[in-house]
Structure formats: structure tokens, C-alpha cells
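Only one structure is covered here, and it is reproduced in the block below.
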Amino acid sequence: MSTVLPTTTAAAPTAPAVAAPSSEAQRLEHARALYVQTPATLAGNLVGVLLVLAFYSGVADRWRLFGWVGVMAVLWCLRLAHYLRFRRHRDADDATLLDWRSSWRALALLLGSCWGAAAWLFWDLGTPSHQVALLLIIYSYCVGSVQMLAGQPKVFMTFLCLVLLPTVARVASDTGHPFHLQLALIICVLFGAVWLMGRTYRSALAQAIDLKLHTDQLAAQLRVEMAAAEEARRAAEAASRAKTQFFAAASHDLRQPLHAMGLFAETLRQRCSDPGVAALVNSINESVDALEGLFGELLDITRIDTGGVELKPEAVRLRDVFARLRLHFEPIAFEKGLALSFRGDAHVVHADPVVLERILRNLVSNAIRYTEDGGVLVSCRRRGERLLLQVWDSGIGIAEQSLPRIFDEFYQVNSHRPLEPHQRKGLGLGLAIVKRLADLMDVPLNVRSRVGHGTVFSLEVPPGVVEAPPAGLVDASPKMPLGLSLQERLIVVVEDEPAVREGLTVLLKAWGARVVDFDAVGAAQAWTESPAPERPDLLIVDYRLPEGRTGLDALDIIRRRWPEARLPAIVITGSSLSGHENEAEEHDFHLLIKPVLPNKLRAMIGFKLSMPPK
């Protein structure tokens, strides 16, 4: 059942007052208490009977003594059976439990009558010591009944009368005893004392039962409120997930036309030598790139704020991270004439690889954006027991008064000189994302800068341990062959969006490639099953395809047609909500996020075609 949350803020409802425990609930609780205490009562009765048997076995005649003991034994066994029935059916309904209490009362009163009868049966037998022992046993039994019967005033008074009144009458009628009246009076006083003890105990027991019932009601109310709070928390989490998923889906749908627009613009520039058209195409590509950055930043902030980033620390080889950073940013640095360098790639850190790479991507992206001359250096070196990851640039720098605010959302540094258009794009979320991710990883993040000289961001991370160096590492140092010819190369494209597929096909053909394109996995499979299809040089597939299929299905189907060669592949997706790094490693492909600028696509194609076959 879904919960609809109000859009306006309302006062929290007042918790209902806890009602006083009802008399019915008190009776039920008392009935359960009787059965809980029954074993102690049975033990007391057994001891009393054994004592009478021991004292009068040589004094009383057999029929009198064993007749009384036999009746007591029968009643004792009936009470034991009563208790065992309760043990077997603790979850009996209330009506049954109250019926059992009635029969329990009857058995208790019958036992009391038997003890009252003992005074008439055994008083005149034996010595005065036997008489004193009998009175003590009977009185002790009365005192022991306080705990069991005091909560039921009428039953308790009836029980005392059944036990003590016959005893008083028997003692008072014994005219042969010199102090029979005084002794009867003492028993009457003891009668009153036991009654007062019962009254006090009854009051304390009632308060204890009320307190227990009140506590149970509070606990039940707390469980209800906790369940409501849990339901509200789940509803809030569901709303948060829905918001993030909606934003991701909207981002995906918006990236599609941007991606197609960039491809068509680049194709237009290829076909037209007019400098004005080329300038317009460059402006379009810059706008597409800026929008891609905005989508990425907004989605990252949404994921962090909604708790969508789950850390999975592990040993991370910086060689692999630096290789991916080089692959992504070297074409951009090359365009600006900057040197992009990496140092310390032999180190291994203990961190979440996705979060760490996202931090470095944002820092390197900022460094390249605000650097016009010189270069950008990403380095790692040991500092004490930790590793110091740094991103250096020789850019415009940050004024000292702006440093405390650079990690705030939507804050952009005001430079002393006019910024280029590509430096002004963005919402000012990149460093805010970096700070939040660093806090999430619990690693210190620092920055130093000098206006006109550059900036360095430092991140202290714990070192990691790798059992053995990986085999067959790919050398990440070569420059991307941006000028690589695609003449007569056969590229398979699987893309369901018609505009994107057409734009990608036209652009690849303009670069000299031959293209076979499909709009679904089924169409690609039909092509592989056709007579003698030509083996492609590269696969470019979209991640999300119709009929619930993905680009991974397309890769598997096409690669199974040529199992002797591991065909290079590029997967393009319009959603960055979930990382695909594990899938990329498992299925051997490189990932690009839409919209993909043509120079990034060309660099990636050159990189994949230049890699040695596996």
C-alpha cells in the first residue's frame, strides 16, 4: 500500500492518550499470574502433607491418616493437571482462561477445606508438640496463600474461613487443654494478621498489574508509532528514489537529441569548408559539452543527497585509474595545447574505485577548463602512512578570499580577468560534488592556489595492497591517434534512436568507414546468422535497447559469430545513474556517456582500433 505524503507542512498529530487498564484485562492478567505461581503452591502443599504424614504416622490410625492424605493427593494431582493444561495452551482465548480460573478457585477452596478438616482429625492425637506442629503447618499454609489468593478478596476470605474457623472451633472446644480459649484467641489474632497481609499484598499486586498493563499498552503504542515512522521512512526513500530515477530517465531522454545534434553538426562541418559554418559547429559542440556537464553535475548531487552512493572500498591500482583519465581527457587537453601528465601510477590505494575516479575526473576537468598555457599534472606520492593524490594545474588560480567558498554549491570564482566562454559554463557544482564525495570517503581534501600561477588540490587516501601485479596491462601512455584513418573499416552500429543512429552513421561514413547499422538486438542477430557476413572491425552499441535488451546482449551475439577474435567495442549510454565499470571489465568494452562530442568519439575509436587483439 503506497503512502501519499502531503505537500504542505502540518503539525505532527498528538499521540493518543494511553487508556487505563480495564477490569477485564486485570482479571486476565491475574489469572495468568495464578498459573505462573502454581508450581510454588503445589510444592508448599506437598511439603505440608509430608510433614503431617511424618508427624502423625505413628500416632493416628491408618484409615484417618491415609484417607486424608489420599484426598489431598487427588486434589493435588488435579491442580497439577490444571497447571499442565495451561502450559500446553498458553495462547488460550480470554473466555477459556477465565473458565479455567473458576475451576482453579474451586480446587483451591477444596484444599483449604481439607486443611481445616485436618485440625478436627489430628488435634487430639499425640503430645502438645504435635499440636503446636499442626497449628504451625496450618498457619504457614494460610500465610502462603496470600501470594496466590490475595488478589481475589472474596475467595481469599472464604479460604481463610475454611482453614482457620474449623481450627479455632476445634481448639476452643478442647476443654481438656488448659489454655484452649487463649490459644483460640491467638489463632483469631493470627487470622486478622493474615487478612491484613492479604489486603496489603492485594494493593501492591493491583498496582503491579496496572503498571504492567500500562507498560504493555505503551509498548504497543510505540510499536504502532514505530511502524508508522518506518512506513513514512520507506515512503520518503521511495519518493527519493523515484526522484532520482525520474531525473536519470529525463537526463537520458534529453541526452539523446543532444548526442544526435553533435553528430549532425560535426558531419555538417566535414561537408562544408565555410569558416563561418565551422565556427557555428564549434559553438554547437561547446554548448552540447556544457549541457552534458550540467546533467552530470545535477545527477551526481541528486545521488549524493538521496544516499544513492554506496561505498565499496577495495585495493585500486592507480595505473588503471590514470589510464582511464588519460583516455578521457587527453583529447581535450590536446585540443587546448596542454600537457596532461601522470606520476606515481605504481601506487595502490584503498578506496571506492568509482567514487575516487569521479573525484579525480571533476578535478582534472576543472584544471583543464581553467588552464590556457602549460599543463595539468595528476600525481601520487607517499606521505607518512598515507598516500597524497594531487591534481596540479598552471591555470588562472583562485584568489585567497574565494578559497573558503569554492566547495559551496552554485558558487563560481570571480576571476580578476575575463573568463573564456568554455570557462564560464557550469553551475558551480563540480567542486561541491568533490567535497561531498571526499567527506563520504572520510578522506581530507585541501586546496592551495596563487592567482596567475595555478592551483593544486590534495587528497589523502590510505594505501592498499594487491596480491600480485596484473598481467597484460595496457600501456596508457601513447597519444590517441586523432588523425587515424577509418578508410574501409567496417563498423557495426546498434542504436534504437533513429536520429542518433542516422547521425552516427553519417559521421562515421564521413570519416571514411563502412557502416552496418541496426535498431535492435534481433536485427543484429539476424545479420550474424545471414550467409557469410563480413567480420567487423569495431562495434558501437547503445546500452539501452528495445524489448528489455541491452547493448551487452548485442555484443555477446555478434562476438559469438567470430569467437576466434575478440572484437573491440564501445558502449554508449545516456544514463550515468549507475556505474558500468564492472560490466565494462567483464565484457571488454569502453563506455561513453551521451552526448559524446565527435572528437571524443574519434579518439576512442582510434584507441580501440590501435589496441592489440586479445
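Rank the residues Thr200, Thr175, Thr505 as a footprinting-exposure proxy: fewest other Cβ atoms within 10 Å of their Cβ go first.
Numbers: Thr200 12, Thr175 8, Thr505 20.
Going from least to most buried by this count: Thr175, Thr200, Thr505.
Could you tell me whether region 486-539 comes out rounded, prolate or oblate from its Cα gyration tensor? Rule is a ≥ b ≥ c as square roots of the eigenvalues, rounded for a/c under 1.5, then prolate if a/b exceeds b/c, otherwise oblate.
Here region 486-539 falls in the oblate category.
Long-range amide H contacts for Ala569: which residues qualify at under 5 Å (H placed 1.01 Å from N, peptide plane, sequence gap of 5 or more or a different chain)?
Hits under the 5 Å cutoff: Leu539, His590.
log10 I(q)/I(0), Debye, Cα-only region 29-103, no solvent, q = 0.19, 0.24 Å⁻¹?
-0.79, -1.05
Whole Å is fine, so just give me how far the alpha carbon centre of region 514-575 lies from that of region 86-117.
With region 514-575 and region 86-117 each reduced to a Cα centre, they are spaced 80 Å.
Quick one: what are the phi-derived ³J(HN,Hα) couplings along region 339-349, Karplus 6.51/-1.76/1.60 with θ = phi - 60°, whole Hz, x for glycine and proline?
Computed from phi, the couplings for region 339-349 are 8, 9, 10, 9, 10, x, 6, 7, 6, 10, 10 Hz.
Can you compute 3J(HN,Hα) from phi for each residue in region 117-127, using the Karplus curve 6.51 cos²θ - 1.76 cosθ + 1.60 with θ = phi - 60°, rounded to whole Hz and x for Gly and Pro?
Per residue, the Karplus-derived 3J(HN,Hα) values read 5, 4, 5, 6, 7, 10, 4, 8, 9, x, 9 Hz.
Taking the inverse of the average 1/r across all pairs of different Cα atoms in region 23-178, what Kirkwood radius in Å do you get? Working shown, then result.
Details: mean 1/r = 0.0605 Å⁻¹.
Its Kirkwood hydrodynamic radius stands at 16.5 Å.
Exposure proxy check: Ile284, Ile186 ranked by fewest other beta carbons within 10 Å? Could you put the intermediate results ahead of the total?
Values: Ile284 18, Ile186 14.
With the fewest neighbours first, Ile284, Ile186 line up as Ile186, Ile284.
At R0 = 25 Å, how high is the FRET efficiency between Leu490 and Arg544 if r is their beta carbon distance? Nearest 0.05 is fine. Spell out each step's value before the answer.
On the way: r = 24 Å, r/R0 = 0.98.
Efficiency, rounded to the nearest 0.05: 0.55.
Can you give the relative contact order of region 23-178 as a percent, counting alpha carbon pairs under 8 Å and 6+ residues apart? If you can, show how the numbers build up before the last one.
Working: 105 pairs, mean separation 47.1, N = 156.
30 percent.
If R₀ is 56 angstrom, what is the calculated FRET efficiency for the pair Ser129 and Glu225, using the beta carbon separation as r and rounding to 0.05? Mind dumping the intermediate values first?
Numbers: r = 65 Å, r/R0 = 1.16.
Working from the Cβ atoms, E equals 0.30.
Under a crude label model (7 Å from the Cα following the beta-carbon direction), how far is Thr200 from Arg561 in nanometres?
Label at Thr200, label at Arg561, 9.8 nm between them.
Once amide H atoms are built 1.01 Å from N in the peptide plane, which residues 5 or more positions from Asp517, or in another chain, come under 5 Å H to H?
For Asp517, whose amide H was placed from the backbone, the distant partners under 5 Å are Val493.
Find out how many positive minus negative residues lie around Leu78, taking Lys and Arg as positive, Asp and Glu as negative, among other residues whose Cβ is under 14 Å from that of Leu78. Each step should come with its number before you reach the end.
On the way: positive: Arg79, Arg85, Arg105; negative: none.
Result for the neighbourhood of Leu78: +3.
Rounded to whole Hz and in sequence order, give me ³J(HN,Hα) for region 97-110 from the Karplus expression 6.51 cos²θ - 1.76 cosθ + 1.60, θ = phi - 60°, writing x for Gly and Pro.
4, 5, 5, 4, 5, 5, 5, 5, 4, 4, 5, 5, 5, 5
I need the chymotrypsin sites (Phe, Trp or Tyr not before Pro) found in region 120-210, filtered to DSSP loop residues with at most 14 other beta carbons within 10 Å of theirs.
Working: sites: Trp120, Phe122, Trp123, Tyr139, Tyr141, Phe156, Phe159, Phe179, Phe191, Trp195, Tyr201; in loops: Trp123, Phe179.
Here the sparse-neighbourhood loop sites are Phe179.
Of the cross-linked pairs Lys336/Lys600; Lys336/Lys594; Lys312/Lys435; Lys312/Lys600, which ones have a Cα-Cα span greater than 25 Å in the structure shown?
Values: Lys336/Lys600 14 Å; Lys336/Lys594 22 Å; Lys312/Lys435 18 Å; Lys312/Lys600 29 Å.
Listed pairs above 25 Å: Lys312/Lys600.
Quick note: the coordinates plus some simple rules give every number you see, no bench work behind them. As the structure is a prediction and not an experimental result, all values here were calculated from the model. In this analysis, Cβ positions are derived from the backbone assuming ideal geometry, glycine residues included, and neighbour counts consider all displayed protein chains.
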